Amino acid sequence: MEIDTGASVSVISQETCKQVFGSDNSLEKSPCSLRTYTGEKIDVLGKRKVTVIYNSQSVDLPITVVKGTGPSLMGRDWLHKLQLNWKSIFKIEQLAHNQEPEKDKELQDLLRKYPQVFKEGLGTLKGTKARIYVDKDATPKYFKARPVPYALKEKIEKELDRLEKGGNIEKVEFSEWAAPIVPIVKPDKSVRICGDYKVTINQVSKLDNYPIPKTDDLYATLSGGQAFSKLDLSQAYQQIVLDKESRKYVTINTHKGLYQYNRLPFGVSSAPGIFQRTMKNLLQGIPRVVVRVDDILITGSSKSEHLNNLETVLGKIQESGMRLNKDKCVFLAPEVVYLGHRIDQYGIYPVESKVKAITEAPEPKNVTELKSYLGMLNYYNRFLPDLSSNLAPLHGLLKKQKRWKWDKSQQEAFELSKTLLKSSKVLVHYDPNKDIILSCDASPYGIGAVLSHKMEDGCDRPVGYVSRTLAPAERNYSVLEKEGLAVIFALKKFHQYLFDRKFTIYTDHKPLIGLFNENKCIPPMAAARIQRWALTLSAYEYKIVYKEGKKNSNADALSRLSLNREGKTEVPAEMIMLMDHMDSTPVTAQQIKAWTRKDPILGQITNYVLKGWPNYRDNDEMRPYFSRKTELSVFDSCLLWGNRVVIPNPGREIILQELHEGHQGISRMKVLARGYVWRAKYGRRN
């Protein structure tokens, strides 16, 4: 029960009342009429008497029963009768079972009994192999190996050797199926190899849509838990061995030849369902345990029950041959976030961060920002019938010749509008059984997204909002990259809602449809970060749809009124290596930057990349760049096509001379040049 000094009476929801009092649902009539602090009417079902024991005193008090599933509130009527000791309430005390896990002897003794579970290296599930089911009439899909950047070639070969020695992959001479690879550079500069399966097996395999736990089931399993432990399976999917028949479907094509995966790889669309079913079968029957793909949540009504349940789970995992990532596990925590809800011993609540983008949104600074914000409000106006009258001070600033002046009346209207956007009239709880929509947008200085449900009447209702400002380097991204960043940012923020669920992405940037299309190959000459983002998306089951900017106004406003928190700039390792390499030659990155600025064509193209492309080209010299507009990017004021630097005219002869001095022949010289640099040849693609 939460203390609410703003509530005149104490209330309990109908659902909680049933759980506490069972079949005893007799209620007295209640004459009171209740409203929320935003003015919404609360449906009162009646009231009942309950016995309250506090500080050695027992007293019978009335509690009002209301519709809904919200938390119980202790209002001023109870506070007056109980005469609470506020000093002791505000004092923070550490509960015995919530002490630091490292200092909890019982817990540490328990963990030491299962050393194999936390052993380094990849575990192997015993007795069960995964199978990928493919339509009988499916035509095999074979893709050639993609060209590999020279800066990454040695690292890719090293990773392939490591995977082969570990038994994860094996070399094969022939395969009807083959997916190209996308190398992902990790923070330590090593490379992770992923197959682009969305163009091969994902199009024809049968999904294992194993259901995730419903919120009601989750509450029933975890209700009454005093503390929570969350276990993380190390390299989850790859702990499951593939059956021999399925291995041909996950063949990858590399510059070193063909390799088959022996274990379930990342990027296969049926993998989440296979893994969920496997874990559910492994841990079924253990009380107060919930499994969500590679996250296992455990609780108990007491510390001893909790540790008993934890020991049973650890025993099952050790017996199965699987392993946990101890660094990512949490033990005996007082609260956890799970499936988009915050769970503690008192109940289950929506996560406050869902509406942080609205709560902390700064007020508009000009007419453009105000129009964008009002557009979002208008998007939800069907749920807020009295909105127009409340926003009159804001609409007044849009009048022609009206001088911009933001005073108290505008601020009050703005704060009221934010309260309404967070209210139950607009915001709904996440429901895994409803269609999911992810609306994303970017502005020159911010990104934002809205997660929504498609309701039975066809309207969109928001579940949560997120936004942030762009870091200085991100503001130099192309328009395409900013829009892509908005999608990836939203995926990471709403991952718990989206993973292993079908959903639709709305974007108002058409070129993004081609690059992130769920059924198309990742373009080999797209910018490195676009390739990585497209690969990240391949782990999700989505459809991406173009939505005109005016109709995408809910996400547009968040990108323009983004929170004042800058993101961390992602600097791709390939680009760093490429720029470092160029600095060691007679042509430096600084020279290329200066030449690009002065070149009338490249200067204009750079401007198009950063600010958006027109629908026409000025002359034939622009043609090679227009045909590659989704593959061009800007890094440190230098123009790049994929991983290759676009060389301005003054540098072309110098580069050719430097390459020629290697005396490797014209063919070898061309191959070397195409690995690092590019210059436009008008009239044909090169």
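Here, each number is a calculation from the coordinates, and none is a lab measurement. Just so it is clear, the model here is predicted, and its values are computed rather than measured. Using ideal geometry, Cβ is built from the backbone for each residue, glycine included, and neighbour counts are taken over all protein chains shown.
Read phi for every residue in segment 406-420 and hand back ³J(HN,Hα) as whole Hz from Karplus 6.51 cos²θ - 1.76 cosθ + 1.60, θ = phi - 60°, with x for Gly and Pro.
So the Karplus estimates, Gly and Pro as x, are 9, 10, 4, 5, 5, 5, 5, 5, 5, 5, 4, 5, 5, 4, 5 Hz.
Alpha carbon centre of segment 254-270 versus segment 431-455: separation in Å?
Spelled out, the Cα-based centre of one part sits 32 Å from the other.
How would 277, 623, 263 line up from fewest to most surrounding beta-carbon atoms within 10 angstrom?
Details: 277 17, 623 14, 263 23.
Least to most surrounded, the residues fall as 623, 277, 263.
Express the C-alpha Rg of segment 232-332 as a ratio against the empirical globular expectation 2.2 N^0.38 Å, rounded to two decimals. Kindly include the intermediate steps, with their values, before the conclusion.
Values: Rg = 16.3 Å, N = 101, 2.2 N^0.38 = 12.7 Å.
Working it through for segment 232-332, the quotient is 1.28.
Using a simple spin-label model with points 7 Å from Cα along the Cα→Cβ vector, what separation in nm is obtained for residue 144 and residue 369?
5.1 nm
Would you kindly calculate the translational diffusion coefficient of segment 115-199, applying Stokes-Einstein with the Kirkwood radius from alpha carbon pairs, for 37 °C and a viscosity of 0.692 mPa s, and quote it in µm² s⁻¹ without decimals? Write down the numbers at each step before the final one.
Details: Rh = 15.8 Å.
This corresponds to a translational diffusion coefficient of 208 µm²/s.
Using 7 Å Cα-to-Cβ label points, what is the residue 50/residue 192 separation (nm, one decimal)?
4.6 nm
Mind checking the full-extension length gain between residue 102 and residue 162? Use 0.36 nm per residue of separation minus the Cα-Cα distance, one decimal, nm. Provide the component values of the computation, followed by the final result.
On the way: separation 60, 0.36 × 60 = 21.60 nm, distance 3.42 nm.
Working it through step by step, the gained length comes to 18.2 nm.
List, in order, the whole-Hz ³J(HN,Hα) value for each residue of segment 434-440 obtained from phi through the Karplus relation with A = 6.51, B = -1.76, C = 1.60 and θ = phi - 60°; use x for Gly and Pro.
Going residue by residue, I get 9, 4, 10, 10, 10, 9, 10 Hz, with x marking Gly and Pro.
Can you work out ³J(HN,Hα) from phi for every residue in segment 156-169, in order, using Karplus 6.51 cos²θ - 1.76 cosθ + 1.60 and θ = phi - 60°, giving whole Hz and x for Gly and Pro?
5, 4, 5, 5, 4, 5, 5, 5, 5, 5, x, x, 5, 10
Using the beta-carbon distance between residue 82 and residue 27 and R0 = 35 Å, what value does 1/(1 + (r/R0)^6) give for FRET efficiency, to the nearest 0.05?
Numbers: r = 23 Å, r/R0 = 0.65.
Efficiency computed from Cβ-Cβ geometry: 0.95.
Which order results if 453, 255, 80, 509 are arranged by neighbouring Cβ count within 10 Å, fewest first?
Working: 453 19, 255 13, 80 9, 509 23.
Listing 453, 255, 80, 509 from fewest to most nearby Cβ atoms yields 80, 255, 453, 509.
List the pairs from 230/502; 328/454; 126/165; 119/316 whose alpha-carbon separation is above 23 Å, in the order I gave them.
Values: 230/502 25 Å; 328/454 34 Å; 126/165 20 Å; 119/316 15 Å.
The pairs that break the limit, which is 23 Å between Cα atoms, are 230/502; 328/454.
Let me check I've understood the local charge: for residue 299, count other residues with C-beta under 13 angstrom from its C-beta, Lys and Arg +1, Asp and Glu -1. What total comes out? Could the numbers behind the result be given before it?
Details: positive: 230, 288, 303; negative: 305, 335, 344.
Its environment carries a net charge of 0.
For the residue pair residue 404 and residue 311, what label-to-label distance in nm results when each label sits 7 Å from Cα along the Cα-to-beta-carbon direction?
Modelled inter-label distance: 6.7 nm.
Below 16 Å, Cα to Cα, which lysines can residue 186 reach? Residues fewer than 8 away in the same chain don't count.
153, 155, 158, 568
Give, as a single signed number, the net charge of other residues whose beta carbon lies under 9 Å from the beta carbon of residue 483, with Lys and Arg counted +1 and Asp and Glu -1. List each step's numbers first, then the result.
On the way: positive: 482; negative: 441, 481, 508.
Computed value for this residue: -2.
Find out how many positive minus negative residues lie around residue 224, taking Lys and Arg as positive, Asp and Glu as negative, among other residues whose Cβ is under 12 Å from that of residue 224. Before the final figure, lay out the partial values.
On the way: positive: 288; negative: 305, 344.
Residues close to residue 224 contribute a combined charge of -1.
Starting from the Cα-Cα distance between residue 344 and residue 629, subtract it from 0.36 nm times their residue separation and give me the gain in nm to one decimal.
Length gained between residue 344 and residue 629: 97.6 nm.
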